[in-house]
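Peer 1: Here's a structure for you.
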């Protein structure tokens, strides 16, 4: 007599058909995608406004004495105030003191660090050919080490009165023998060098494009858009 072996599973507990699994996963993915897009669209404006506010604050921080600013762009072979309908990839900021006196430029730069791209902003006074401030805008450098490029006040202070000629150099901490040198952060030499490299490379891009001293763009009178809060 032949023994017949049957499954004890009730019909409802049988493994689902592969097609049903595919459909379920597809629906779950679609719902998740729609939710992500919805959240992104809902928060995009807020994120953009926050970044613009942070950048604005950084401009005033890297250019001491500035009370007003305006955005500039390199268009048609010259640096000019950014037209409302133009969105060039490369822009800088002119900073002005009391009475609309020109003080210097705030120049954005970016490049690879140890972990990821570092984005920064630095103040530059063309009359003195000096960097007069530096602010890290974005960084994912190693916590406790590479993040000292913005947490270490001594390192950041290197950029408060820093000649750019012939180029800015990085040296081991305690070995500075020239005004154009920056002390590297112990344990974060790569990140330190990345900051200096970004500034040197950005100078190559921008300095020859800047107007001659005394010919800088004039601060527009009575513009609330560029007035410092």
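The values are calculated or read from the model by the stated rules, or taken from the named source; none is laboratory data. Predicted model, so just to flag it, every value in this text is computed and none were measured. Methodologically, a virtual Cβ is constructed for each residue, glycine included, from the backbone with ideal geometry; neighbour enumeration extends over all protein chains shown.
Peer 1: Do the conditions hold for residue 178, that is, is it over 22 Å from the mean Cα position of the chain (by Cα), farther than 28 Å from residue 96 by Cα and either touching a residue at least 60 places away in the same chain (Cβ under 8 Å) or part of a loop (DSSP other than H, G, I, E, B) (or both)?
Peer 2: Taking the combined requirement at face value, the residue satisfies it.
Peer 1: Can you tell me how many residues within the range 154-175 are farther than 19 Å from residue 128 by Cβ and part of a strand (DSSP E or B)?
Peer 2: Residues flagged as farther than 19 Å from residue 128 by Cβ and part of a strand (DSSP E or B) within the range 154-175 amount to 2.
Peer 1: In the range 111-126, which residues are in contact with a strand residue (DSSP E or B) (Cβ under 8 Å, 6 or more places away or on another chain) and not in a strand (DSSP E or B)?
Peer 2: 126
Peer 1: How many residues does the range 132-167 contain that are surrounded by fewer than 20 Cβ atoms within 10 Å (Cβ to Cβ) and farther than 22 Å from residue 117 by Cβ?
Peer 2: Adding up the residues that qualify gives 9.
Peer 1: Could you list, in sequence order, all residues of the range 107-131 that are closer than 23 Å to residue 209 by Cα, surrounded by fewer than 19 Cβ atoms within 10 Å (Cβ to Cβ) and in contact with a helix residue (DSSP H, G or I) (Cβ under 9 Å, 6 or more places away or on another chain)?
Peer 2: Correct list: 110, 111, 119, 126, 129.
Peer 1: So which of 198, 149, 205 ends up being touching a helix residue (DSSP H, G or I) at 6+ places or on another chain (Cβ under 9 Å) and either assigned to a loop (DSSP other than H, G, I, E, B) or touching a residue at least 40 places away in the same chain (Cβ under 8 Å) (or both)?
Peer 2: 149
Peer 1: Considering each of 53, 20 in turn, give the residue that is more than 16 Å from residue 96 (Cα to Cα), surrounded by fewer than 11 Cβ atoms within 10 Å (Cβ to Cβ) and either modelled with pLDDT of 80 or more or in contact with a strand residue (DSSP E or B) (Cβ under 9 Å, 6 or more places away or on another chain) (or both).
Peer 2: 20
Peer 1: Right, something else. Could you list, in sequence order, all residues of the range 54-106 that are touching a helix residue (DSSP H, G or I) at 6+ places or on another chain (Cβ under 7 Å) and either on the phi > 0 side of the Ramachandran plot or in a loop (DSSP other than H, G, I, E, B) (or both)?
Peer 2: Once the filter is applied, which keeps residues that are touching a helix residue (DSSP H, G or I) at 6+ places or on another chain (Cβ under 7 Å) and either on the phi > 0 side of the Ramachandran plot or in a loop (DSSP other than H, G, I, E, B) (or both), the range 54-106 yields 66, 67.
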